Ligand SMILES: Cc1cc2nc3c(=O)[nH]c(=O)nc-3n(C[C@H](O)[C@H](O)[C@H](O)COP(=O)(O)OP(=O)(O)OC[C@H]3O[C@@H](n4cnc5c(N)ncnc54)[C@H](O)[C@@H]3O)c2cc1C
């Protein structure tokens, strides 16, 4: 492993000062993705700036807009009873991340900023239409999460910005939703995953939001599939059509975890399974 400077600032102001002094530095949160990349020599940062000692980055506020600090660990997310009752799909996905040891240090912000197509919290947050709050010394901007991911390991964060909070409207808690994930073994990154949220009025689906993971360069909203269900009574023919549209919307690859063919297969099965589960 290469040598690097390590700083543990106690305030955002200190972070901006360090970033100005070391423009090529990397931010580190839990380090569960970053340290693996350093160990595997995929990246060789000369300086790391830790975000872990900034208390305001770990705060969760449950007002009309729910605000989740980016440094909230996956364990703290799971143990937050109010969040669990508002957005069970987020907790469902969080519980499937790694092992207890990983969840104790891994953060929700790191899961998003690592920009892996298989990031487990990305899918529920996409269907909850979450927004990312990006901050640097000049101020903050709000980016819809579906515009945050630009490609594998690539987000719209600029060199100086950090993800400070994730915002979700409380109104998204009124909908039924579910998350399905397939790994090779119980503790594994997703071979493929799906999140589905339905807004129902009696038997009519007013709105569907669907996202798929590990089947494109970014965690993906399947807008064309969603349109099919809008203001409709969902039938089994429609679900078959949705599976077809989904397969045309994704571009899975073959890698060490799975083949593109198997990934396609799972997405089709998961869409059907998730919708049937939500329709009861
Ligand atoms: C054994 C193991 C199992 C795993 N299992 C899963 C799994 O099942 N599902 C899953 O989704 N992931 C899994 N992961 C991946 C990883 O644990 C998660 O992605 C985790 O949430 C990353 O968070 P972190 O705080 O450790 O990020 P870090 O490693 O600290 O950072 C990741 C990246 O994000 C950047 N970053 C972090 N926070 C911020 C911020 N606030 N602002 C700007 N940039 C930031 C860092 O610079 C870095 O590039 C696993 C990892 C391991 C080692």
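The values are calculated or read from the model by the stated rules, or taken from the named source; none is laboratory data. Note that the structure is predicted; figures quoted are calculated from it, not measured. Counting neighbours? That spans all protein chains shown, and the Cβs are built from the backbone with ideal geometry, glycine included.
Exactly one of these conditions fails for residue 61: (1) part of a helix (DSSP H, G or I); (2) touching a strand residue (DSSP E or B) at 6+ places or on another chain (Cβ under 8 Å); (3) away from the ligand (no atom under 11 Å from the Cβ). Give me its number.
(1)
Would you mind stating whether residue 83 is over 22 Å from residue 161 (Cα atoms), touching a helix residue (DSSP H, G or I) at 6+ places or on another chain (Cβ under 8 Å) and touching a residue at least 12 places away in the same chain (Cβ under 8 Å)?
yes
Output the number of the condition that residue 267 fails; it satisfies all remaining conditions of (1) modelled with pLDDT under 95; (2) in contact with a helix residue (DSSP H, G or I) (Cβ under 6 Å, 6 or more places away or on another chain).
Answer for residue 267: the failing condition is (1).
Counting only residues that are assigned to a loop (DSSP other than H, G, I, E, B), at pLDDT 95 or above and surrounded by fewer than 18 Cβ atoms within 10 Å (Cβ to Cβ), how many does the range 138-159 have?
First pass over the range 138-159, keeping only residues assigned to a loop (DSSP other than H, G, I, E, B): 138, 152-153, 156-159.
Filter once more, keeping what is at pLDDT 95 or above: 138, 152-153, 156-158.
This time we only want the ones that are surrounded by fewer than 18 Cβ atoms within 10 Å (Cβ to Cβ), so: 138, 152-153, 156, 158.
Within the range 138-159, residues that are assigned to a loop (DSSP other than H, G, I, E, B), at pLDDT 95 or above and surrounded by fewer than 18 Cβ atoms within 10 Å (Cβ to Cβ) number 5.
How about the range 209-219: which of its residues are under 12 Å from residue 196 (Cα atoms) and either surrounded by fewer than 24 Cβ atoms within 10 Å (Cβ to Cβ) or free of Cβ contacts under 8 Å to residues at least 12 places away in the same chain (or both)?
Matches in the range 209-219: 209 only.
Looking for something within 30 Å of residue 260 (Cβ to Cβ), near the ligand (Cβ under 7 Å from one of its atoms) and over 18 Å from the mean Cα position of the chain (by Cα) - is there at least one such residue anywhere in the range 47-54?
Start the filter on the range 47-54 by keeping residues that are within 30 Å of residue 260 (Cβ to Cβ), which leaves none.
No, the range 47-54 contains no residue that is within 30 Å of residue 260 (Cβ to Cβ), near the ligand (Cβ under 7 Å from one of its atoms) and over 18 Å from the mean Cα position of the chain (by Cα).
Somewhere in the range 32-41, is a residue closer than 27 Å to residue 183 by Cα, modelled with pLDDT of 95 or more, in contact with a strand residue (DSSP E or B) (Cβ under 7 Å, 6 or more places away or on another chain) and not assigned by TED's automatic domain parsing to the domain that holds residue 271?
yes
Out of the range 157-183, which residues are within 11 Å of the ligand (Cβ to nearest atom) and either assigned by TED's automatic domain parsing to the domain that holds residue 121 or more than 17 Å from the chain's Cα centre (by Cα) (or both)?
The first filter runs over the range 157-183 and keeps only residues within 11 Å of the ligand (Cβ to nearest atom), leaving 157-166, 181, 183.
Once the filter is applied, which keeps residues that are within 11 Å of the ligand (Cβ to nearest atom) and either assigned by TED's automatic domain parsing to the domain that holds residue 121 or more than 17 Å from the chain's Cα centre (by Cα) (or both), the range 157-183 yields 157, 158, 159, 160, 161, 162, 163, 164, 165, 166.
Name the single residue, out of those in the range 83-120 being part of a loop (DSSP other than H, G, I, E, B) and in contact with a strand residue (DSSP E or B) (Cβ under 8 Å, 6 or more places away or on another chain), that is farthest from residue 214 (Cα to Cα). Show your work before the answer.
Our first condition is that a residue be part of a loop (DSSP other than H, G, I, E, B); within the range 83-120, this holds for 87, 95-99, 106, 114-120.
Okay, now just the ones that are also in contact with a strand residue (DSSP E or B) (Cβ under 8 Å, 6 or more places away or on another chain), so 87, 96, 106, 115, 117-120.
Values: 87: 22, 96: 15, 106: 19, 115: 11, 117: 5, 118: 5, 119: 8, 120: 10 Å.
Here the residue is 87.
Residues of the range 15-29 being in contact with a strand residue (DSSP E or B) (Cβ under 8 Å, 6 or more places away or on another chain) and either at pLDDT below 95 or under 19 Å from residue 135 (Cβ atoms) (or both), which ones? Quick ask: steps written out before the conclusion?
Going through the range 15-29, the residues in contact with a strand residue (DSSP E or B) (Cβ under 8 Å, 6 or more places away or on another chain) turn out to be 15-16, 18-19, 22, 24-29.
Result: 15, 16, 18, 19, 22, 25, 26, 27, 28, 29.
Determine whether residue 123 is under 26 Å from residue 86 (Cβ atoms) and part of a helix (DSSP H, G or I). Give the steps one after another, and end with the answer.
On the way: under 26 Å from residue 86 (Cβ atoms): yes; part of a helix (DSSP H, G or I): yes.
So residue 123 passes the test.
Just one of (1) in contact (Cβ under 8 Å) with a residue 24 or more places away in the chain; (2) outside any helix (DSSP H, G or I); (3) within 13 Å of the ligand (Cβ to nearest atom) trips up residue 66, so point out which.
Just one mismatch for residue 66, condition (3).
Would the range 22-38 turn up any residue that is touching a helix residue (DSSP H, G or I) at 6+ places or on another chain (Cβ under 9 Å), part of a helix (DSSP H, G or I) and either within 13 Å of the ligand (Cβ to nearest atom) or farther than 30 Å from residue 175 by Cα (or both)?
Our first condition is that a residue be touching a helix residue (DSSP H, G or I) at 6+ places or on another chain (Cβ under 9 Å); within the range 22-38, this holds for 25-34.
Next, from what is left, pick out any that are part of a helix (DSSP H, G or I): 34.
Among the residues that remain, those that are also either within 13 Å of the ligand (Cβ to nearest atom) or farther than 30 Å from residue 175 by Cα (or both) are: 34.
Checked the range 22-38: at least one residue is touching a helix residue (DSSP H, G or I) at 6+ places or on another chain (Cβ under 9 Å), part of a helix (DSSP H, G or I) and either within 13 Å of the ligand (Cβ to nearest atom) or farther than 30 Å from residue 175 by Cα (or both).
Only one of (1) in contact (Cβ under 8 Å) with a residue 40 or more places away in the chain; (2) buried (at least 21 other Cβ atoms within 10 Å of the Cβ); (3) under 30 Å from residue 254 (Cα atoms) is not met by residue 168, so which one is it?
(3)
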